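Asker: One structure coming up, written as structure tokens, with questions to follow.
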Amino acid sequence: MTRHADSPSFTPAYDARAFHRWVERQFAQDPTVTCLEVPSEMRMNGLTSRQPGYIDLRDGRARIHKSGFLQAPEPWLKHPSGLYQCAGLIEGPDGRNHPLRPPHPTGLVYERHFTDADTTVSFRSVDINGDLDMFHRWQNDPRIAYFWEEDKSRDDLRAFLSDRLSDPHSFSVIGCYDDQPVGYFEIYWAREDRLGAHYDSGPWDRGWHGLIGEVTALGRKRTSAWIRALTHYIFLDCPMTDLVVGEPRIDNKKLLRYADALAYRKIKEFDFPHKRSALMHCSRDDFFGRVAL
């Protein structure tokens, strides 16, 4: 569906941030819109003389495809996207060679407002000293310990976080709603993870684990928002990533019920030593083609 947008009140050629906000607002007004026609006065102001890649110039018209716009890193990604490196540079487990992984970013890495949840979701890197007490409280909540099995002492959890932060294949972040910490998430490269042996893992596939530690932050709309935000961040962080994977416990029914609406498909069930899991796949095209961001 194509929408003819209202003209903005700014000169977009000179205000890229305002332009992004305007485009996002236009798409937010109607989630069914997949293509936005750029008003002619915007083209006259020079916006399309060096247009972003998501602007389609054909037949004397300029259109913005939503799936392309949402894959542009600005304004949500807060650090440079990853760059391609040859696969197979590093020896991985069981012969699964993989590319050299980039250093973990620090500070704020992603931020986006989700209108349907009336919440701004952001992710920042973990600060062990600042986050340990909160992380300890979360992991010792029986609701979380049932799935994570990390209901341990502060010293044990400090070592846990230190191990995660020193691991190049896994990046740990704190998730926030409106700048308030609510959860912990691990983003990992699947090829060198334990999951990589359970399917034909590609060099850029990525997966995640997550928990919401604050009970007041639970709820269907907000859960949908953080899953969308985390998946969005993963795809923005590395343009080579075409597949996001997961391996939740098959009895985690609350999480699995979000799968189809957020473009996650159940591929199969399989066994880890400590749990029976569902292998979930989310492709880039499927996510940006049908998930309402």
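The values are calculated or read from the model by the stated rules, or taken from the named source; none is laboratory data. Predicted model, so just to flag it, every value in this text is computed and none were measured. With ideal geometry, Cβ positions are generated from the backbone for all residues, glycine too; neighbour counts draw on all protein chains shown.
Asker: Search the stretch 201-220 for residues being charged (D, E, K, R) and at pLDDT 95 or above, and hand back the single one that is surrounded by the fewest Cβ atoms within 10 Å (Cβ to Cβ).
Answerer: As a first pass, look at the stretch 201-220 and keep what is charged (D, E, K, R): 205-206, 214, 220.
Within this subset, residues satisfying the condition of being at pLDDT 95 or above are 205-206, 214.
Working: 205: 23, 206: 26, 214: 15.
So the residue we want is 214.
Asker: In the stretch 90-101, is there at least one residue being in the same structural domain as residue 225 (by TED's automatic domain parsing), surrounded by 15 or more Cβ atoms within 10 Å (Cβ to Cβ), free of Cβ contacts under 8 Å to residues at least 40 places away in the same chain and touching a helix residue (DSSP H, G or I) at 6+ places or on another chain (Cβ under 6 Å)?
Answerer: Scanning the stretch 90-101, I find no residue that is in the same structural domain as residue 225 (by TED's automatic domain parsing), surrounded by 15 or more Cβ atoms within 10 Å (Cβ to Cβ), free of Cβ contacts under 8 Å to residues at least 40 places away in the same chain and touching a helix residue (DSSP H, G or I) at 6+ places or on another chain (Cβ under 6 Å), so the answer is no.
Asker: Also, quick follow-up: Please list, ordered by first then second residue, the pairs with beta carbon atoms under 9 Å, 6 or more apart or interchain, first in the stretch 140-151 and over 13 Å from residue 210 (Cα atoms) and touching a residue at least 12 places away in the same chain (Cβ under 8 Å), second surrounded by 15 or more Cβ atoms within 10 Å (Cβ to Cβ) and among the polar types (S, T, N, Q).
Answerer: Partner pairs satisfying both residue conditions: 151/139; 151/140.
Asker: I need the full set of residues from the stretch 213-227 which are of a type outside the set (Ser, Thr, Tyr) and touching a Phe, Trp or Tyr at 6+ places or on another chain (Cβ under 7 Å), in order please.
Answerer: Of the residues in the stretch 213-227, the ones of a type outside the set (Ser, Thr, Tyr) are 213-215, 217-222, 225-227.
Scanning the stretch 213-227 gives 213, 217, 222, 225, 227.
Asker: Which of the residues that make up the stretch 240-276 are more than 20 Å from the chain's Cα centre (by Cα) and either without any contact (Cβ under 8 Å) to a residue 40 or more places away in the chain or loosely packed, with under 12 Cβ neighbours inside 10 Å (or both)?
Answerer: Result: 250, 251, 253, 268, 269, 271, 273, 274, 275, 276.
Asker: A further question on this structure: Evaluate the following for residue 233: is it touching a strand residue (DSSP E or B) at 6+ places or on another chain (Cβ under 7 Å), outside any helix (DSSP H, G or I), surrounded by 20 or more Cβ atoms within 10 Å (Cβ to Cβ) and aromatic (Phe, Trp, Tyr)?
Answerer: Values: touching a strand residue (DSSP E or B) at 6+ places or on another chain (Cβ under 7 Å): yes; outside any helix (DSSP H, G or I): no; surrounded by 20 or more Cβ atoms within 10 Å (Cβ to Cβ): yes; aromatic (Phe, Trp, Tyr): yes.
Judged against the criteria, residue 233 is not a match.
Asker: Something else: Suppose we filter 116, 156, 163 for residues that are surrounded by fewer than 16 Cβ atoms within 10 Å (Cβ to Cβ), of a type in the set (Asp, Glu) and touching a helix residue (DSSP H, G or I) at 6+ places or on another chain (Cβ under 7 Å); which single one remains? Even if it seems obvious, please write down each step before you answer.
Answerer: On the way: 156 fails: touching a helix residue (DSSP H, G or I) at 6+ places or on another chain (Cβ under 7 Å); 163 fails: touching a helix residue (DSSP H, G or I) at 6+ places or on another chain (Cβ under 7 Å).
Every option except 116 fails the conditions.
Asker: Continuing with this model, one more query. Can you say whether residue 116 is outside any strand (DSSP E or B) and under 30 Å from residue 27 (Cβ atoms), as far as the supplied structure shows? Can you show your working first?
Answerer: Details: outside any strand (DSSP E or B): yes; under 30 Å from residue 27 (Cβ atoms): yes.
In short, yes.
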